[in-house]
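Novice: Sending over a structure as C-alpha coordinates; questions will come in a sec.
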Amino acid sequence: MSAVVDMMAARFGAKDGALAATTSVDTPLVEFRDVSKTYDGRSLAVAKMDCSVRRGEFLTFLGPSGSGKTTSLMMLAGFEAPTSGDILINGKSIVHTPPYRRNMGVVFQNYALFPHMTVAENIAFPLRARRQPRASIQGRVEHVLRLVRLAGRDDRRPTELSGGEQQRVALARALVFSPDVILMDEPLGALDRQLRERLQIEIKEIQRQLELTVIYVTHDQTEALAMSDQIAVFNNGAIQQRATPQTLYEEPCNAFVAQFIGENNSLNGVVSENDGMYCTVRTDGGRSMRGRLVGEARPGARVTVTVRPERIALWVAGDSNSNTFSARVREATYLGDHMRLRMRLDGDGDAIVKLPIATASSNLAVGQEMSLTFNADACRVFSGPKSAPRDTEKTTEP
Ligand code: ADP
Ligand code: MG
(Lines give C-alpha, C1' and ligand atoms only; values in the text may rest on other atoms or scores of the structure.)
(Ligands and ions follow the chains in the order given, each with its own letter.)
Protein backbone atom coordinates (compact mmCIF):
# COMPACT_ATOMS: atom_id res chain seq x y z
CA MET A 1 0.00 0.00 0.00
CA SER A 2 2.71 2.48 0.96
CA ALA A 3 4.56 1.56 -2.22
CA VAL A 4 1.50 2.66 -4.13
CA VAL A 5 1.38 5.93 -2.18
CA ASP A 6 5.05 6.51 -2.97
CA MET A 7 4.35 5.81 -6.60
CA MET A 8 1.44 8.27 -6.58
CA ALA A 9 3.61 10.87 -4.87
CA ALA A 10 6.29 10.31 -7.49
CA ARG A 11 3.88 10.79 -10.35
CA PHE A 12 2.28 13.88 -8.85
CA GLY A 13 5.67 15.49 -8.40
CA ALA A 14 5.20 17.03 -11.80
CA LYS A 15 6.26 20.49 -12.83
CA ASP A 16 4.18 21.51 -15.80
CA GLY A 17 4.73 18.03 -17.11
CA ALA A 18 2.23 18.13 -19.94
CA LEU A 19 3.50 16.83 -23.23
CA ALA A 20 2.97 19.29 -26.01
CA ALA A 21 -0.08 18.52 -28.12
CA THR A 22 1.08 19.49 -31.56
CA THR A 23 -0.54 16.97 -33.84
CA SER A 24 -3.42 16.69 -36.26
CA VAL A 25 -6.87 15.39 -35.35
CA ASP A 26 -6.11 12.08 -37.07
CA THR A 27 -3.22 11.18 -34.80
CA PRO A 28 -4.38 8.82 -32.10
CA LEU A 29 -3.96 10.27 -28.63
CA VAL A 30 -2.41 7.04 -27.36
CA GLU A 31 -0.73 4.36 -29.42
CA PHE A 32 0.89 1.04 -28.51
CA ARG A 33 3.11 -0.18 -31.35
CA ASP A 34 4.20 -3.80 -31.31
CA VAL A 35 4.70 -3.66 -27.55
CA SER A 36 5.95 -6.74 -25.73
CA LYS A 37 6.80 -7.17 -22.08
CA THR A 38 8.47 -9.99 -20.21
CA TYR A 39 9.19 -9.91 -16.48
CA ASP A 40 11.19 -13.14 -16.29
CA GLY A 41 12.89 -13.20 -19.70
CA ARG A 42 10.89 -16.29 -20.74
CA SER A 43 7.12 -15.75 -20.83
CA LEU A 44 5.43 -12.73 -22.35
CA ALA A 45 3.04 -10.83 -20.05
CA VAL A 46 2.15 -8.71 -23.10
CA ALA A 47 2.82 -9.95 -26.62
CA LYS A 48 3.12 -7.75 -29.71
CA MET A 49 0.39 -5.39 -28.66
CA ASP A 50 -0.96 -2.86 -31.14
CA CYS A 51 -3.65 -0.55 -29.89
CA SER A 52 -4.63 3.06 -30.45
CA VAL A 53 -6.97 5.29 -28.52
CA ARG A 54 -8.73 8.35 -29.88
CA ARG A 55 -9.25 11.52 -27.89
CA GLY A 56 -12.52 11.37 -25.99
CA GLU A 57 -12.77 7.61 -26.26
CA PHE A 58 -13.65 5.25 -23.41
CA LEU A 59 -11.61 2.12 -24.07
CA THR A 60 -11.72 -0.89 -21.77
CA PHE A 61 -9.09 -3.60 -21.41
CA LEU A 62 -11.16 -6.67 -20.58
CA GLY A 63 -9.83 -10.13 -19.91
CA PRO A 64 -9.31 -12.86 -17.34
CA SER A 65 -6.82 -12.56 -14.49
CA GLY A 66 -3.20 -12.62 -15.65
CA SER A 67 -4.01 -11.71 -19.27
CA GLY A 68 -1.78 -8.61 -19.30
CA LYS A 69 -4.23 -5.76 -18.69
CA THR A 70 -2.49 -4.18 -15.72
CA THR A 71 0.94 -4.59 -17.30
CA SER A 72 -0.30 -2.72 -20.40
CA LEU A 73 -1.71 0.09 -18.28
CA MET A 74 1.45 0.29 -16.16
CA MET A 75 3.59 0.61 -19.29
CA LEU A 76 1.38 3.46 -20.47
CA ALA A 77 1.57 5.16 -17.07
CA GLY A 78 5.34 4.66 -17.02
CA PHE A 79 5.60 2.38 -13.98
CA GLU A 80 6.81 -0.50 -16.15
CA ALA A 81 9.00 -0.32 -19.27
CA PRO A 82 8.21 -2.30 -22.42
CA THR A 83 10.76 -4.97 -23.32
CA SER A 84 10.30 -4.02 -26.98
CA GLY A 85 8.04 -1.81 -29.06
CA ASP A 86 6.97 1.78 -28.63
CA ILE A 87 4.25 3.75 -26.86
CA LEU A 88 3.25 7.15 -28.25
CA ILE A 89 1.18 10.05 -27.06
CA ASN A 90 0.11 12.52 -29.71
CA GLY A 91 2.47 10.77 -32.11
CA LYS A 92 5.52 11.13 -29.86
CA SER A 93 7.30 8.27 -28.13
CA ILE A 94 7.02 8.44 -24.35
CA VAL A 95 8.92 5.32 -23.36
CA HIS A 96 11.76 7.45 -22.00
CA THR A 97 9.44 10.02 -20.39
CA PRO A 98 9.16 9.62 -16.61
CA PRO A 99 5.67 8.90 -15.21
CA TYR A 100 5.16 12.35 -13.70
CA ARG A 101 5.68 14.02 -17.06
CA ARG A 102 3.16 11.87 -18.94
CA ASN A 103 0.19 13.92 -17.69
CA MET A 104 -2.06 10.99 -16.88
CA GLY A 105 -4.56 10.65 -14.06
CA VAL A 106 -4.52 7.26 -12.40
CA VAL A 107 -7.13 5.50 -10.27
CA PHE A 108 -6.42 2.13 -8.68
CA GLN A 109 -8.59 -0.40 -6.90
CA ASN A 110 -6.82 0.18 -3.58
CA TYR A 111 -7.54 3.78 -3.02
CA ALA A 112 -4.03 5.06 -2.32
CA LEU A 113 -5.36 8.27 -0.82
CA PHE A 114 -2.96 10.04 1.50
CA PRO A 115 -4.37 9.04 4.91
CA HIS A 116 -3.00 12.03 6.82
CA MET A 117 -4.58 14.56 4.45
CA THR A 118 -8.18 15.74 4.24
CA VAL A 119 -10.28 15.13 1.15
CA ALA A 120 -9.58 18.65 -0.12
CA GLU A 121 -5.84 18.30 0.52
CA ASN A 122 -5.75 14.96 -1.28
CA ILE A 123 -7.45 16.44 -4.30
CA ALA A 124 -5.32 19.59 -4.22
CA PHE A 125 -2.10 17.56 -4.13
CA PRO A 126 -1.50 17.23 -7.88
CA LEU A 127 -2.13 20.97 -8.33
CA ARG A 128 0.27 21.88 -5.51
CA ALA A 129 2.87 19.57 -7.02
CA ARG A 130 2.43 21.51 -10.25
CA ARG A 131 2.85 24.77 -8.35
CA GLN A 132 -0.53 26.16 -9.32
CA PRO A 133 -1.55 29.44 -7.65
CA ARG A 134 -3.30 28.90 -4.33
CA ALA A 135 -6.39 30.89 -5.40
CA SER A 136 -7.06 28.74 -8.45
CA ILE A 137 -6.49 25.54 -6.49
CA GLN A 138 -9.47 26.06 -4.22
CA GLY A 139 -11.80 26.71 -7.14
CA ARG A 140 -10.62 23.60 -9.01
CA VAL A 141 -10.98 21.43 -5.92
CA GLU A 142 -14.53 22.65 -5.29
CA HIS A 143 -15.39 22.08 -8.93
CA VAL A 144 -14.27 18.45 -9.02
CA LEU A 145 -15.80 17.78 -5.60
CA ARG A 146 -19.16 18.78 -7.07
CA LEU A 147 -18.47 16.67 -10.14
CA VAL A 148 -17.98 13.51 -8.06
CA ARG A 149 -20.87 14.47 -5.73
CA LEU A 150 -18.77 15.02 -2.65
CA ALA A 151 -19.45 18.73 -2.08
CA GLY A 152 -19.29 19.44 1.65
CA ARG A 153 -17.00 16.50 2.45
CA ASP A 154 -13.78 18.47 1.93
CA ASP A 155 -12.70 18.41 5.61
CA ARG A 156 -13.07 14.66 6.12
CA ARG A 157 -10.16 12.28 6.26
CA PRO A 158 -10.14 9.17 4.03
CA THR A 159 -10.83 6.89 7.03
CA GLU A 160 -14.07 8.79 7.66
CA LEU A 161 -15.39 7.95 4.19
CA SER A 162 -17.08 4.86 2.79
CA GLY A 163 -15.34 2.78 0.11
CA GLY A 164 -17.42 4.39 -2.63
CA GLU A 165 -16.65 7.89 -1.35
CA GLN A 166 -12.94 7.11 -1.20
CA GLN A 167 -13.02 6.04 -4.83
CA ARG A 168 -14.82 9.27 -5.70
CA VAL A 169 -11.99 11.20 -4.06
CA ALA A 170 -9.43 9.16 -6.01
CA LEU A 171 -11.32 9.99 -9.20
CA ALA A 172 -11.47 13.69 -8.28
CA ARG A 173 -7.72 13.69 -7.63
CA ALA A 174 -7.12 12.10 -11.04
CA LEU A 175 -9.38 14.64 -12.77
CA VAL A 176 -8.33 17.83 -11.03
CA PHE A 177 -5.28 18.66 -13.15
CA SER A 178 -7.07 18.03 -16.49
CA PRO A 179 -4.82 15.18 -17.60
CA ASP A 180 -4.66 14.01 -21.22
CA VAL A 181 -5.78 10.51 -20.26
CA ILE A 182 -7.37 8.90 -17.22
CA LEU A 183 -6.19 5.36 -16.46
CA MET A 184 -8.33 3.23 -14.17
CA ASP A 185 -7.39 -0.26 -13.03
CA GLU A 186 -10.34 -2.16 -11.54
CA PRO A 187 -11.38 1.01 -9.70
CA LEU A 188 -14.68 -0.45 -8.50
CA GLY A 189 -13.42 -3.94 -7.74
CA ALA A 190 -13.68 -3.56 -3.96
CA LEU A 191 -17.24 -2.22 -3.93
CA ASP A 192 -20.52 -4.09 -3.63
CA ARG A 193 -22.64 -4.60 -6.71
CA GLN A 194 -25.17 -1.80 -6.27
CA LEU A 195 -22.52 0.79 -5.50
CA ARG A 196 -20.44 -0.47 -8.40
CA GLU A 197 -23.35 -0.05 -10.80
CA ARG A 198 -24.05 3.46 -9.54
CA LEU A 199 -20.43 4.53 -9.87
CA GLN A 200 -20.23 2.97 -13.35
CA ILE A 201 -23.00 5.34 -14.42
CA GLU A 202 -21.44 8.32 -12.67
CA ILE A 203 -17.98 7.72 -14.15
CA LYS A 204 -19.53 7.33 -17.59
CA GLU A 205 -21.49 10.59 -17.16
CA ILE A 206 -18.39 12.51 -16.12
CA GLN A 207 -16.42 11.02 -19.01
CA ARG A 208 -19.09 12.12 -21.52
CA GLN A 209 -19.56 15.52 -19.99
CA LEU A 210 -15.84 16.36 -19.94
CA GLU A 211 -15.11 14.37 -23.13
CA LEU A 212 -12.37 12.55 -21.24
CA THR A 213 -10.13 9.92 -22.74
CA VAL A 214 -10.34 6.92 -20.43
CA ILE A 215 -8.55 3.59 -20.47
CA TYR A 216 -10.31 1.34 -18.04
CA VAL A 217 -9.25 -2.11 -16.86
CA THR A 218 -11.72 -4.71 -15.67
CA HIS A 219 -12.24 -8.47 -15.69
CA ASP A 220 -16.00 -7.91 -15.39
CA GLN A 221 -17.63 -8.12 -18.79
CA THR A 222 -20.92 -6.58 -17.64
CA GLU A 223 -19.02 -3.53 -16.46
CA ALA A 224 -17.11 -3.37 -19.74
CA LEU A 225 -20.26 -3.68 -21.86
CA ALA A 226 -22.07 -1.01 -19.83
CA MET A 227 -19.36 1.65 -19.91
CA SER A 228 -17.17 1.34 -22.98
CA ASP A 229 -17.15 2.85 -26.45
CA GLN A 230 -14.61 0.20 -27.39
CA ILE A 231 -13.39 -2.94 -25.66
CA ALA A 232 -10.07 -4.69 -26.20
CA VAL A 233 -10.41 -8.31 -25.11
CA PHE A 234 -7.16 -9.70 -23.67
CA ASN A 235 -6.10 -13.31 -23.35
CA ASN A 236 -2.59 -14.64 -22.75
CA GLY A 237 -1.05 -11.19 -23.12
CA ALA A 238 -2.59 -10.53 -26.53
CA ILE A 239 -5.56 -8.48 -27.68
CA GLN A 240 -7.94 -10.99 -29.25
CA GLN A 241 -10.40 -8.46 -30.61
CA ARG A 242 -10.96 -4.75 -30.29
CA ALA A 243 -14.48 -3.55 -31.12
CA THR A 244 -17.68 -1.97 -29.81
CA PRO A 245 -19.61 -3.90 -27.16
CA GLN A 246 -22.27 -4.85 -29.70
CA THR A 247 -19.80 -6.14 -32.27
CA LEU A 248 -17.97 -8.20 -29.66
CA TYR A 249 -21.23 -9.77 -28.63
CA GLU A 250 -22.67 -10.30 -32.11
CA GLU A 251 -19.53 -10.94 -34.14
CA PRO A 252 -16.82 -12.44 -31.93
CA CYS A 253 -13.69 -13.15 -33.97
CA ASN A 254 -12.73 -16.36 -32.19
CA ALA A 255 -13.99 -18.96 -29.75
CA PHE A 256 -12.31 -17.27 -26.77
CA VAL A 257 -14.16 -13.99 -27.33
CA ALA A 258 -17.40 -15.86 -28.06
CA GLN A 259 -17.08 -17.58 -24.69
CA PHE A 260 -15.78 -14.65 -22.67
CA ILE A 261 -18.32 -12.01 -23.71
CA GLY A 262 -21.80 -12.89 -22.57
CA GLU A 263 -22.80 -16.49 -22.22
CA ASN A 264 -22.40 -19.06 -24.95
CA ASN A 265 -22.96 -22.75 -25.48
CA SER A 266 -19.96 -24.34 -27.02
CA LEU A 267 -19.53 -27.75 -28.62
CA ASN A 268 -16.66 -29.48 -30.38
CA GLY A 269 -16.80 -31.23 -33.69
CA VAL A 270 -15.38 -31.74 -37.15
CA VAL A 271 -16.34 -29.89 -40.33
CA SER A 272 -18.20 -32.17 -42.75
CA GLU A 273 -19.13 -29.60 -45.38
CA ASN A 274 -18.14 -26.02 -46.07
CA ASP A 275 -19.66 -23.67 -48.64
CA GLY A 276 -17.49 -20.71 -47.62
CA MET A 277 -20.16 -18.82 -45.74
CA TYR A 278 -21.80 -21.62 -43.77
CA CYS A 279 -20.57 -25.00 -42.78
CA THR A 280 -21.95 -28.21 -41.43
CA VAL A 281 -20.28 -29.74 -38.41
CA ARG A 282 -20.46 -33.27 -37.07
CA THR A 283 -20.32 -32.75 -33.30
CA ASP A 284 -18.51 -35.17 -30.98
CA GLY A 285 -21.95 -36.33 -29.86
CA GLY A 286 -22.88 -37.24 -33.45
CA ARG A 287 -25.20 -34.33 -34.20
CA SER A 288 -25.10 -32.40 -37.43
CA MET A 289 -25.11 -28.62 -36.95
CA ARG A 290 -25.08 -25.84 -39.44
CA GLY A 291 -23.59 -22.49 -38.65
CA ARG A 292 -21.79 -19.45 -39.97
CA LEU A 293 -18.10 -19.96 -40.45
CA VAL A 294 -15.77 -17.44 -38.81
CA GLY A 295 -12.30 -17.62 -40.34
CA GLU A 296 -11.22 -20.74 -42.16
CA ALA A 297 -11.95 -24.42 -41.64
CA ARG A 298 -11.69 -27.11 -44.32
CA PRO A 299 -13.68 -30.33 -44.20
CA GLY A 300 -12.06 -32.55 -41.58
CA ALA A 301 -10.87 -29.63 -39.45
CA ARG A 302 -11.64 -29.61 -35.75
CA VAL A 303 -13.85 -26.69 -34.80
CA THR A 304 -15.79 -25.14 -31.97
CA VAL A 305 -19.48 -24.44 -32.51
CA THR A 306 -21.19 -21.81 -30.37
CA VAL A 307 -24.77 -20.68 -29.95
CA ARG A 308 -26.12 -18.16 -27.43
CA PRO A 309 -28.66 -19.39 -24.86
CA GLU A 310 -31.16 -16.71 -25.88
CA ARG A 311 -31.01 -17.81 -29.53
CA ILE A 312 -32.37 -21.25 -28.81
CA ALA A 313 -36.08 -21.95 -28.96
CA LEU A 314 -37.82 -24.94 -27.45
CA TRP A 315 -40.85 -26.98 -28.20
CA VAL A 316 -42.26 -30.34 -27.33
CA ALA A 317 -40.11 -33.08 -28.80
CA GLY A 318 -40.96 -34.57 -32.16
CA ASP A 319 -40.04 -32.23 -34.98
CA SER A 320 -36.71 -32.63 -36.72
CA ASN A 321 -35.47 -29.91 -39.02
CA SER A 322 -31.80 -29.05 -39.29
CA ASN A 323 -30.33 -27.56 -36.13
CA THR A 324 -33.14 -29.20 -34.18
CA PHE A 325 -32.21 -31.66 -31.48
CA SER A 326 -34.02 -33.45 -28.80
CA ALA A 327 -32.77 -32.79 -25.29
CA ARG A 328 -33.86 -33.44 -21.74
CA VAL A 329 -34.41 -30.70 -19.15
CA ARG A 330 -31.90 -31.18 -16.31
CA GLU A 331 -32.47 -27.97 -14.44
CA ALA A 332 -35.07 -25.19 -14.74
CA THR A 333 -34.48 -21.96 -12.84
CA TYR A 334 -37.02 -19.14 -12.63
CA LEU A 335 -35.19 -15.78 -12.87
CA GLY A 336 -38.07 -13.31 -13.04
CA ASP A 337 -37.71 -12.14 -16.61
CA HIS A 338 -36.60 -15.47 -18.05
CA MET A 339 -36.31 -19.17 -17.39
CA ARG A 340 -32.81 -20.55 -17.44
CA LEU A 341 -32.72 -24.18 -18.52
CA ARG A 342 -29.88 -26.65 -18.51
CA MET A 343 -30.59 -29.24 -21.20
CA ARG A 344 -28.80 -32.54 -21.69
CA LEU A 345 -27.42 -33.17 -25.18
CA ASP A 346 -26.08 -36.70 -24.84
CA GLY A 347 -22.48 -36.86 -26.07
CA ASP A 348 -22.29 -33.06 -26.46
CA GLY A 349 -22.67 -32.05 -22.83
CA ASP A 350 -25.23 -29.57 -21.56
CA ALA A 351 -26.73 -26.63 -23.39
CA ILE A 352 -27.99 -23.55 -21.59
CA VAL A 353 -31.23 -22.06 -22.90
CA LYS A 354 -32.73 -18.73 -21.83
CA LEU A 355 -36.44 -18.56 -22.40
CA PRO A 356 -38.30 -15.24 -22.10
CA ILE A 357 -40.86 -15.67 -19.36
CA ALA A 358 -43.72 -14.80 -21.70
CA THR A 359 -42.97 -17.79 -23.92
CA ALA A 360 -41.94 -20.26 -21.24
CA SER A 361 -44.61 -22.84 -20.66
CA SER A 362 -45.52 -23.15 -16.99
CA ASN A 363 -45.25 -26.94 -17.06
CA LEU A 364 -41.58 -27.12 -17.99
CA ALA A 365 -40.40 -29.91 -15.76
CA VAL A 366 -37.07 -31.48 -15.03
CA GLY A 367 -36.73 -34.72 -16.98
CA GLN A 368 -39.02 -33.55 -19.77
CA GLU A 369 -37.93 -34.28 -23.32
CA MET A 370 -38.01 -31.21 -25.57
CA SER A 371 -36.74 -30.15 -28.96
CA LEU A 372 -34.33 -27.28 -29.09
CA THR A 373 -33.68 -25.42 -32.27
CA PHE A 374 -31.70 -22.48 -33.57
CA ASN A 375 -31.06 -20.68 -36.77
CA ALA A 376 -27.83 -21.33 -38.67
CA ASP A 377 -27.20 -17.57 -38.50
CA ALA A 378 -27.21 -17.73 -34.70
CA CYS A 379 -24.63 -20.49 -34.77
CA ARG A 380 -20.92 -19.77 -35.22
CA VAL A 381 -18.19 -22.16 -36.21
CA PHE A 382 -14.65 -21.32 -35.10
CA SER A 383 -11.56 -23.16 -36.19
CA GLY A 384 -9.34 -24.82 -33.64
CA PRO A 385 -10.02 -26.22 -30.23
CA LYS A 386 -11.64 -23.77 -27.94
CA SER A 387 -9.40 -22.09 -25.42
CA ALA A 388 -11.99 -21.14 -22.82
CA PRO A 389 -13.32 -23.53 -20.18
CA ARG A 390 -15.96 -25.93 -21.37
CA ASP A 391 -18.30 -24.92 -18.56
CA THR A 392 -20.58 -22.03 -19.49
CA GLU A 393 -19.87 -20.44 -16.11
CA LYS A 394 -16.98 -18.00 -16.47
CA THR A 395 -14.07 -17.98 -14.10
CA THR A 396 -13.56 -14.66 -12.41
CA GLU A 397 -10.80 -13.22 -10.31
CA PRO A 398 -11.01 -13.84 -6.58
P1 ADP B 1 -4.04 -8.78 -15.45
O2 ADP B 1 -3.99 -7.35 -15.01
O3 ADP B 1 -4.75 -8.99 -16.74
O4 ADP B 1 -4.56 -9.67 -14.38
P5 ADP B 1 -1.14 -8.70 -15.33
O6 ADP B 1 -0.72 -7.66 -16.30
O7 ADP B 1 -1.16 -8.29 -13.90
O8 ADP B 1 -2.55 -9.28 -15.76
O9 ADP B 1 -0.23 -9.97 -15.45
C10 ADP B 1 0.17 -10.53 -16.69
C11 ADP B 1 1.23 -11.57 -16.44
O12 ADP B 1 2.41 -10.98 -15.95
C13 ADP B 1 0.82 -12.61 -15.41
O14 ADP B 1 1.32 -13.85 -15.80
C15 ADP B 1 1.50 -12.12 -14.15
O16 ADP B 1 1.78 -13.19 -13.29
C17 ADP B 1 2.75 -11.49 -14.69
N18 ADP B 1 3.19 -10.35 -13.84
C19 ADP B 1 2.50 -9.24 -13.58
N20 ADP B 1 3.19 -8.38 -12.84
C21 ADP B 1 4.39 -8.99 -12.60
C22 ADP B 1 5.57 -8.60 -11.87
N23 ADP B 1 5.67 -7.43 -11.25
N24 ADP B 1 6.59 -9.48 -11.87
C25 ADP B 1 6.51 -10.65 -12.51
N26 ADP B 1 5.44 -11.07 -13.21
C27 ADP B 1 4.39 -10.25 -13.26
MG1 MG C 1 -4.73 -6.55 -13.18
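The values are calculated or read from the model by the stated rules, or taken from the named source; none is laboratory data. As the structure is a prediction and not an experimental result, all values here were calculated from the model. FYI the Cβ positions are ideal-geometry reconstructions off the backbone, even for glycines, and counts take in every protein chain you see.
Novice: Just need a number here: residues in the range 241-286 that are out of contact with any helix residue (DSSP H, G or I) (no Cβ under 8 Å at 6 or more places or on another chain) and in contact (Cβ under 8 Å) with a residue 60 or more places away in the chain.
Specialist: 15
Novice: Among the residues of the range 53-72, what is the count of those that are over 13 Å from the mean Cα position of the chain (by Cα) and either within 12 Å of ligand 1 (Cβ to nearest atom) or farther than 23 Å from residue 200 by Cα (or both)?
Specialist: Counting residues in the range 53-72 that are over 13 Å from the mean Cα position of the chain (by Cα) and either within 12 Å of ligand 1 (Cβ to nearest atom) or farther than 23 Å from residue 200 by Cα (or both) gives 3.
Novice: Among (1) among the hydroxyl-bearing types (Ser, Thr, Tyr); (2) at pLDDT 95 or above; (3) over 18 Å from residue 74 (Cβ atoms); (4) over 18 Å from the mean Cα position of the chain (by Cα), there is one condition residue 36 misses while meeting the rest; what is its number?
Specialist: (3)
Novice: I've got another one for you. Can you confirm whether residue 81 is at pLDDT below 95 and out of contact with any Leu (no Cβ under 8 Å at 6 or more places or on another chain)?
Specialist: no
Novice: Next question, about the same structure. Within the range 52-62, how many residues turn out to be more than 16 Å from ligand 2 (Cβ to nearest atom) and crowded, with 18+ Cβ neighbours inside 10 Å?
Specialist: 3
Novice: For the range 235-248: of the residues being buried (at least 20 other Cβ atoms within 10 Å of the Cβ) and under 12 Å from residue 59 (Cβ atoms), which is nearest to ligand 1 (Cβ to nearest atom)?
Specialist: Result: 239.
Novice: Hey, another quick one. Yes or no: residue 162 under 28 Å from the mean Cα position of the chain (by Cα) and over 22 Å from residue 78 (Cα atoms)?
Specialist: yes
Novice: Further, regarding this structure: Could you tell me which residue of the range 63-109 is surrounded by the most Cβ atoms within 10 Å (Cβ to Cβ), considering only residues that are in contact with a helix residue (DSSP H, G or I) (Cβ under 8 Å, 6 or more places away or on another chain) and assigned to a helix (DSSP H, G or I)?
Specialist: 99
Novice: A follow-up question, please. Looking at the range 213-256, which of the residues that are charged (D, E, K, R) and within 16 Å of ligand 2 (Cβ to nearest atom) is farthest from residue 175 (Cα to Cα)?
Specialist: 220
Novice: Sticking with this one: Conditions first: (1) on the phi > 0 side of the Ramachandran plot; (2) within 16 Å of ligand 2 (Cβ to nearest atom). Residue 79 passes all but one, so which condition is the exception?
Specialist: So the condition that residue 79 fails would be (1).
Novice: Identify the single condition in (1) crowded, with 19+ Cβ neighbours inside 10 Å; (2) in a loop (DSSP other than H, G, I, E, B) that residue 306 does not satisfy, given that it satisfies every other one.
Specialist: (2)
Novice: Residue 102 versus (1) modelled with pLDDT under 95; (2) in contact with an Asp or Glu (Cβ under 7 Å, 6 or more places away or on another chain); (3) of a type in the set (Lys, Arg): which is the lone unmet condition?
Specialist: The number of the failed condition is (2).
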